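Colleague: My questions all concern the structure below.
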Amino acid sequence: MLWKTTEYAAWGNVHKAKGEIARPERAATLAKILEEAPAPAFGNRRSYGDSPLNDGGRAIDMTRMDKIIAFDPATGIVEVEAGVTLADLVRLFAPKGWIPAVVPGTGFATIGGAIANDVHGKNHHVEGSFGAHVLAVTLMSGGKRVTATPERNKTLFRATLGGIGQTGVILSARLQMKPTPGPAMRVSERRIMSWEDQIEALEASTATYAVSWIDVQAKGATMGRGILEEAELTDAPLPAPSKAKSVPVAIGLFSNSLFARAFNEGYFRRVPEAGRNSVKRLEEFFFPLDKVHAMNKLYGKGGFHQFQCVVPSDQTEALGRMMGKIARSGLGSPLAVLKRMGPGRAGMLSFPMEGYTLAVDFPNRARAVKLIEELEAMTAEAGGRLYLAKDSLAPGETIKGMYPEWQDWAREAAKADPGGDLMTNMVRRLGLRQSGEGAAQ
Ligand SMILES: Cc1cc2nc3c(=O)[nH]c(=O)nc-3n(C[C@H](O)[C@H](O)[C@H](O)COP(=O)(O)OP(=O)(O)OC[C@H]3O[C@@H](n4cnc5c(N)ncnc54)[C@H](O)[C@@H]3O)c2cc1C
């Protein structure tokens, strides 16, 4: 296998890594690599922080392992290699009447990455996390091929879903997709005038898909205003695709607060006061940010952080205080969303909990880092948790305190990978495998 020394980063472009990367195309090649020198895997590095990085060590890029192994059109069960992307599944199967039951906000996420972070979508309050629809996962773990399901190798299954790649390299998975009447979404958008109204509207929403964009620059009585988007799958005729845009250089527009303020005002007003209904192509509804290629360059060369927390349903007041702090700081970028979450989570380190999740991007600056630290402490105090797919700053003790099953997870990871060969920068930074009986040191 050809190893190529490469400098690479994840989506936030803050943490960087340098090391040898292999890009196997077949399971047999992957098995050979892992036999010689086990190393952590990554997908499309759409995680923001340091979870897909292994600075100074080897790593395996899984994106060439992208074959559809089997599909049953009667049940919607599909078996795929780990490098298949969620956009691939939508594109290939929506015309046949099936879509992945859960997709995150980017179609570039691979099946391996979606499992390893147990990702959630705009339908979490109704359909739970990605892992709730995984029927089986096959790993290369401890030199063997192992299949885990919710019934067989149960503990390994629960340690793998949301387990940030520490129980083995995910080779393939069997997924239950959900039926769709057509490849489109009927979407209704309306303005929401304040933070309290946002929470009330999400609470009252009966839509399968619901998400609120927040104008994080709005202060005072309009603090937390935004646009609520509610949607259902439909067989309505498809509109023409809109054109993709790209960001040619790292121009840093989103790091400029004047630009962010003007952008937010325009974005808020794009939906008329009376609201509007439309039909959107599935990709445009699910993956709106993918239309702007390399949009992470909008934060400039210094990169950016995303703060994402979830707090229990009775802690919306604490979340409101966080929102107020963000609004007063003027540091938040136009990318801020609020979602209601249901209880569905599939693994020991899965992020979701019943409540509300807030995600806000911040340019990588000292003031923003300080603000994020304060928001992390407020999340902990509210009994909430931070999302490992987005984290690049939190202290290990904070994260451990938020994930009550982390020691069970660490024990299972140590069983699967006793030498600690699969550890990544994130796992080392947070010391996630440094405690727990038998965990790799
Ligand atoms: C614009 C945007 C919107 C997003 N919206 C959402 C959202 O709505 N909801 C949500 O939950 N997330 C969201 N995310 C985060 C994203 O869905 C997750 O970070 C996802 O895990 C990325 O998948 P990936 O294939 O790029 O994985 P990577 O980022 O490459 O890797 C993620 C983790 O998985 C591990 N891993 C990857 N492949 C394998 C494998 N084959 N075997 C073992 N371990 C593996 C890596 O080691 C790492 O720990 C968003 C990200 C972006 C950029």
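Colleague: State whether the residues of segment 28-42 include one that is on the phi < 0 side of the Ramachandran plot, at pLDDT 95 or above, in a helix (DSSP H, G or I) and within 12 Å of the ligand (Cβ to nearest atom).
Modeller: yes
Listed here are the residues, each with its yes/no results for (1) outside any helix (DSSP H, G or I); (2) in contact with a Pro (Cβ under 6 Å, 6 or more places away or on another chain); (3) within 16 Å of the ligand (Cβ to nearest atom).
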| position | (1), (2), (3) |
| --- | --- |
| Ala389 | yes, no, yes |
| Ser392 | yes, no, yes |
| Thr398 | no, no, no |
| Arg411 | no, no, no |
| Leu422 | yes, yes, yes |
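Colleague: Next question, about the same structure. Within segment 268-282, does at least one residue satisfy the condition of being over 17 Å from Gly226 (Cβ atoms) and buried (at least 19 other Cβ atoms within 10 Å of the Cβ)?
Modeller: yes
Colleague: Turning to a different aspect of this structure: Just name the residue that is nearest to Ala82 (Cα to Cα) out of those in segment 143-175 that are assigned to a loop (DSSP other than H, G, I, E, B) and away from the ligand (no atom under 14 Å from the Cβ).
Modeller: Thr149
Colleague: Could you list, in sequence order, the residues of segment 316-368 that are at positive phi and away from the ligand (no atom under 16 Å from the Cβ)?
Modeller: Within segment 316-368, just Gly330 meets the criteria.
Residues are listed down the side, and each one gets a yes or a no for (1) under 16 Å from the mean Cα position of the chain (by Cα); (2) not basic (Lys, Arg):
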{"site": "Lys32", "(1), (2)": "no, no"}
{"site": "Ala39", "(1), (2)": "no, yes"}
{"site": "Tyr48", "(1), (2)": "yes, yes"}
{"site": "Asp55", "(1), (2)": "no, yes"}
{"site": "Ala70", "(1), (2)": "no, yes"}
{"site": "Ala74", "(1), (2)": "no, yes"}
{"site": "Pro95", "(1), (2)": "no, yes"}
{"site": "Gly121", "(1), (2)": "yes, yes"}
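Colleague: When you check Thr63 against the structure, is it farther than 13 Å from Tyr8 by Cα, surrounded by fewer than 24 Cβ atoms within 10 Å (Cβ to Cβ) and within 10 Å of the ligand (Cβ to nearest atom), yes or no?
Modeller: Spelling it out, Thr63 is indeed farther than 13 Å from Tyr8 by Cα, surrounded by fewer than 24 Cβ atoms within 10 Å (Cβ to Cβ) and within 10 Å of the ligand (Cβ to nearest atom).
Colleague: Right, here's the next one. Name the residue that is farthest from the chain's Cα centre (by Cα), counting only residues in segment 200-241 that are open to solvent by 20 Å² or more (accessible area, probe 1.4 Å) and among the aliphatic types (A, V, I, L, M).
Modeller: Among residues in segment 200-241 that are open to solvent by 20 Å² or more (accessible area, probe 1.4 Å) and among the aliphatic types (A, V, I, L, M), the one farthest from the chain's Cα centre (by Cα) is Ala221.
Colleague: Among helices (runs of 4 or more DSSP H) lying entirely in segment 67-133, which contain 2 or more residues that are open to solvent by 50 Å² or more (accessible area, probe 1.4 Å)?
Modeller: Passing ranges, in order: 86-93.
Colleague: So Trp3 passes all but one of these: (1) under 21 Å from His293 (Cα atoms); (2) open to solvent by 20 Å² or more (accessible area, probe 1.4 Å); (3) touching a strand residue (DSSP E or B) at 6+ places or on another chain (Cβ under 8 Å); (4) in contact (Cβ under 8 Å) with a residue 40 or more places away in the chain. Which condition number does it fail?
Modeller: Single failed check for Trp3: (1).
Colleague: Say we look at segment 113-142 and pick out the residues that are closer than 15 Å to Gly347 by Cβ and β-branched (Val, Ile, Thr); which of these is nearest to the ligand (Cβ to nearest atom)?
Modeller: Step by step, filter segment 113-142, then rank; the result is Val119.
Colleague: Condition first: over 24 Å from Leu238 (Cβ atoms) and open to solvent by less than 20 Å² (accessible area, probe 1.4 Å). Now tell me which residues in segment 176-198 satisfy that.
Modeller: Ile192, Ser194, Trp195, Gln198
The values are calculated or read from the model by the stated rules, or taken from the named source; none is laboratory data. Model, not experiment: these values are computed from the prediction. Because the Cβ atoms are built from the backbone with ideal geometry, glycine has one as well, and the counts that use them run over all protein chains shown. The protein model used for the area step is the full one, side chains on, heavy atoms only, and it has no ligands, DNA or RNA in it. Shrake-Rupley method; radii C 1.70, N 1.55, O 1.52, S 1.80 Å.
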